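Worksheet for the structure shown next.
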Number of protein chains: 2
Amino acid sequence: LEGIGDDCAVLRIGGGHDLLVTTDLYLEGVHFRRDWFPPAAVGHCCLTRGLSDIAAMGGMPTAAFLSLALPSDIPQRWVDEFFRGWTALARTFGVPLAGGDLGQSPADRDNKGRVMADVTVLGIVPGCTAVLRSHARPGDGIYLTGKLGGASALIAEYSQGGKPKAKAARPLFWPVPRLQAGSYLRQRGLVSAMIDVSDGLSTDLDHLCERSGCGAAIEASAIPHANGPKGPVETHFALHGGEDYELLFTARTGTRIPSRIAGVPVTRIGHITRERRMVLIQDRKRSVLSPGGWEHFRPAPPVLPSAVQKRATDRQSR
Amino acid sequence: LEGIGDDCAVLRIGGGHDLLVTTDLYLEGVHFRRDWFPPAAVGHCCLTRGLSDIAAMGGMPTAAFLSLALPSDIPQRWVDEFFRGWTALARTFGVPLAGGDLGQSPADRDNKGRVMADVTVLGIVPGCTAVLRSHARPGDGIYLTGKLGGASALIAEYSQGGKPKAKAARPLFWPVPRLQAGSYLRQRGLVSAMIDVSDGLSTDLDHLCERSGCGAAIEASAIPHANGPKGPVETHFALHGGEDYELLFTARTGTRIPSRIAGVPVTRIGHITRERRMVLIQDRKRSVLSPGGWEHFRPAPPVLPSAVQKRATDRQSR
């Protein structure tokens with residue numbers, strides 16, 4: 001057993017493979033809102049959370065388990081649509097729903113309960129090959145799949161009363177877990193450490209650095225910004241916004257990383273440093289980068305706070 | 001992969017063993033109340049729910065995962081005590097906490113959030129030996145470990161404003177998952193089908209009968225009633241009350257079942273029938289026994305309804 005504090009726990013099961021296990025809450029009012037999200041997108045995103053953690057270990061998913069607490073007055077149609085979204089994604093990656101639990105979520109005084117989901121996904125990797133967060137070394141290049149900030153920019157738009165069109169809202173509602181890219185990187189031994197960017201680049205990079213006992217220097221101009229409805233998203237979304245489910249990984253100096261894996265662009269955004277802090281290089285100026293993405297138990301956290309808080313880089317080290 | 005609809009999912013993992021996976025919600029206001037339960041007992045019962053499902057397959061637990069959504073204002077002391085209760089039980093059975101997730105539960109208008117837990121437990125059994133619910137056959141004897149109704153009688157007492165003493169409240173707060181008994185029965189091949197009694201005897205026996213495609217005849221006088229504060233509990237608690245976490249199992253005619261396994265008494269309470277319904281034999285009269293334990297999504301379910309509803313046996317078949 002290893003991987004505690006990583007995207008997944010890794011269990012030695014013999015037979016040439018290690019078992020990956022990940023468990024993620026997906027909560028109405030914290031991770032999604034029922035008045036914004038199509039119910040099928042809630043099912044899709046819920047499963048994506050789990051699959052993305054398997055991707056971040058370089059594994060392939062084998063079975064999913066869903067615990068779902070539902071308000072007593074939820075329309076049957078909502079539940080059907082939730083499972084339609086879940087099932088479509090599950091079929092894409094061949095992940096059977098192997099069990100779970102169903103409960104009734106408590107109602108508040110308005111008799112409104114909230115949807116609370118917990119998703120467990122099991123996956124496998126060949127024995128001793130799971131990619132951990134902890135093996136980055138000074139000098140390693142830092143890379144990203146895809147583009148960042150698309151989901152959080154959309155949340156900000158919804159928060160301000162906007163109504164993005166269905167197609168424009170895809171980064172928020174239909175993120176794709178990067179299972180092929182994660183598996184490709186592991187199989188070819190290209191990657192030293194990996195994590196998925198579910199909480200925001202600055203937060204997840206901080207997790208990777210902490211686990212590896214090192215720091216990072218990031219080129220602001222190199223971070224691939226997603227396209228929002230009005231062009232590329234603002235930098236704080238790309239730096240701190242969550243819910244993008246891209247992969248953040250490191251590779252030893254000299255490793256040739258393809259510019260595109262499984263159809264997804266891959267970008268080098270910086271390198272790992274010996275000094276244990278994160279630095280953002282912007283217009284040739286260096287500033288300390290603090291984790292600004294979603295973290296639980298901040299005082300009075302608003303809904304999906306990573307997205308609506310305009311946190312620029314913080315010049316104070318933590 | 002088998003066991004869908006059973007206590008656990010069973011996954012073939014090679015290496016001579018099958019993997020068991022169970023996921024259970026444990027919700028404030030549904031499964032426990034913070035004003036009744038010591039916080040350590042909430043942690044204990046939460047893990048017991050998962051371990052009991054592993055016991056019901058004849059397996060041994062190997063790792064647990066906990067997703068916990070907590071109100072923002074919960075005292076740190078409550079959380080510490082929760083984990084103290086969890087950890088004490090986990091140590092007893094050697095089950096490491098291998099991962100999980102932490103979130104903030106949404107607050108209602110009073111700014112009161114509720115504790116919502118989801119526990120996943122992995123376990124193992126030697127390949128193809130997991131005890132399923134579906135292999136009972138007409139003629140099999142029906143057996144129970146321990147005594148029933150203790151937990152639900154205590155809930156009824158609390159509901160009526162009673163304040164049972166700590167020692168008397170043990171069946172509700174500190175149930176013991178029957179891992180040794182379940183494992184013993186599997187190892188010796190004594191058992192044909194098994195389920196744990198978490199939702200109440202009538203409900204869980206109904207699940208076992210449905211999965212096995214048969215019925216059951218139960219002798220009311222044979223059901224071991226737990227001792228409540230005023231002597232043996234009333235029969236409706238033993239028949240329909242949940243949260244006892246005893247094992248209900250069947251064995252082929254002629255199998256010698258010990259009267260005590262791992263220190264726990266074992267009682268024969270009836271037999272499996274060909275006719276697909278449950279019958280209760282009481283004072284030589286036969287009546288149809290309907291599931292009266294806890295089931296989700298009943299109209300306006302009260303808190304822990306299995307316990308406080310005084311449902312006698314129902315003469316109408318479903």
**Fill in**
Checked pairs for region B:245-267, first in contact (Cβ under 8 Å) with a residue 40 or more places away in the chain, second open to solvent by 50 Å² or more (accessible area, probe 1.4 Å), C-beta under 7 Å and 6 or more apart or across chains, list as B:261/B:184; B:262/B:180; B:262/B:184; B:265/B:259; B:266/B:259; B:266/B:260
**Prompt:** Between a first residue in region B:220-239 that is among the aromatic types (Phe, Trp, Tyr) and a second residue that is in a loop (DSSP other than H, G, I, E, B), which pairs have beta carbons less than 7 Å apart while being 6 or more apart in sequence or on different chains?
**Reply:** B:237/B:149
**Message:** Return the residues of region B:80-121 that are facing chain A (nearest Cβ under 7 Å), closer than 21 Å to residue A:5 by Cβ, open to solvent by less than 20 Å² (accessible area, probe 1.4 Å) and not acidic (Asp, Glu); say none if nothing qualifies.
**Reply:** B:98, B:103, B:120
**Request:** Among the candidates B:134, B:152, single out the residue that is in a helix (DSSP H, G or I), in contact (Cβ under 8 Å) with a residue 60 or more places away in the chain, of a type in the set (S, T, N, Q) and within 30 Å of residue B:265 (Cα to Cα).
**Result:** B:152
**Prompt:** Do you know which residues across region A:101-128 are part of a loop (DSSP other than H, G, I, E, B) and not aliphatic (A, V, I, L, M)?
**Reply:** A:105, A:106, A:108, A:109, A:110, A:111, A:112, A:114, A:127, A:128
**Item:** residue B:39, sole failed condition from (1) over 17 Å from residue B:113 (Cβ atoms); (2) of a type outside the set (Lys, Arg); (3) touching an Asp or Glu at 6+ places or on another chain (Cβ under 7 Å); (4) more than 10 Å from every other protein chain (Cβ to nearest Cβ)
**Value:** (1)
**Request:** Considering each of B:63, B:69 in turn, give the residue that is open to solvent by less than 50 Å² (accessible area, probe 1.4 Å), in contact with a Pro (Cβ under 7 Å, 6 or more places away or on another chain) and either within 11 Å of another protein chain (Cβ to nearest Cβ) or within 19 Å of residue A:122 (Cα to Cα) (or both).
**Result:** B:63
**Message:** Being assigned to a strand (DSSP E or B) and either among the hydrophobic types (A, V, I, L, M, F, W, C) or surrounded by fewer than 24 Cβ atoms within 10 Å (Cβ to Cβ) (or both) is the filter here; which residues of region B:25-47 pass it?
**Reply:** B:25, B:27, B:28, B:32
**Message:** Which count do you get for residues in region B:181-219 that are over 19 Å from the mean Cα position of the chain (by Cα), open to solvent by 10 Å² or more (accessible area, probe 1.4 Å) and among the aliphatic types (A, V, I, L, M)?
**Reply:** 1
**Prompt:** Out of all the residues in region B:83-91, is one or more among the aromatic types (Phe, Trp, Tyr), outside any strand (DSSP E or B) and in contact with a Phe, Trp or Tyr (Cβ under 6 Å, 6 or more places away or on another chain)?
**Reply:** no
**Message:** Quick test of your reading of the structure: residue B:145 fulfils all but one of (1) closer than 22 Å to residue B:258 by Cα; (2) more than 12 Å from the chain's Cα centre (by Cα); (3) polar (S, T, N, Q); (4) crowded, with 21+ Cβ neighbours inside 10 Å. Name the failing condition by number.
**Reply:** (2)
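Each row is one residue, and each column tells you yes or no for (1) over 20 Å from the mean Cα position of the chain (by Cα); (2) modelled with pLDDT of 50 or more; (3) over 26 Å from residue B:100 (Cβ atoms); (4) open to solvent by 20 Å² or more (accessible area, probe 1.4 Å).
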| residue | (1), (2), (3), (4) |
| --- | --- |
| A:261 | no, yes, yes, no |
| A:289 | no, yes, yes, no |
| A:292 | no, yes, no, no |
| A:308 | no, no, yes, yes |
| A:313 | yes, no, yes, yes |
| A:317 | yes, no, yes, yes |
**Fill in**
So the strands (runs of 3 or more DSSP E) completely within region A:167-286 holding 2 or more residues that are within 21 Å of residue A:57 (Cα to Cα) are A:193-197, A:215-219, A:246-251, A:264-273
**Asked** Right, residue A:98: small (Gly, Ala, Ser), more than 21 Å from residue A:41 (Cβ to Cβ) and outside any loop (DSSP other than H, G, I, E, B) or not?
**Response** yes
**Complete:** If we ask which residues in region A:48-106 are farther than 19 Å from residue A:33 by Cβ, within 23 Å of the chain's Cα centre (by Cα) and among the polar types (S, T, N, Q), their number turns out to be 5
**Complete:** Here the residues within region B:1-30 that are within 8 Å of chain A (Cβ to nearest Cβ) and either under 27 Å from residue B:163 (Cα atoms) or free of Cβ contacts under 8 Å to residues at least 60 places away in the same chain (or both) are B:1, B:4, B:9, B:11, B:13, B:14, B:15, B:25, B:27, B:28, B:29, B:30
**Complete:** Of the candidates A:58, A:50, the one satisfying the condition of being assigned to a loop (DSSP other than H, G, I, E, B), more than 8 Å from chain B (Cβ to nearest Cβ), modelled with pLDDT of 95 or more and open to solvent by less than 10 Å² (accessible area, probe 1.4 Å) is A:58
**Prompt:** Considering only residues of region B:151-179 that are in contact with a strand residue (DSSP E or B) (Cβ under 7 Å, 6 or more places away or on another chain) and of a type outside the set (D, E, K, R), which is farthest from residue B:241 (Cα to Cα)?
**Reply:** B:179
**Asked** What's the number of the condition residue B:152 fails, among (1) closer than 30 Å to residue B:71 by Cβ; (2) within 14 Å of chain A (Cβ to nearest Cβ); (3) open to solvent by less than 10 Å² (accessible area, probe 1.4 Å)?
**Response** (2)
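The values are calculated or read from the model by the stated rules, or taken from the named source; none is laboratory data. As the structure is a prediction and not an experimental result, all values here were calculated from the model. Backbone-built Cβ (ideal geometry, glycine too); neighbour counts: all protein chains shown. Side chains included, ligands, DNA and RNA excluded: accessible areas come from the protein's heavy atoms. Shrake-Rupley method; radii C 1.70, N 1.55, O 1.52, S 1.80 Å.
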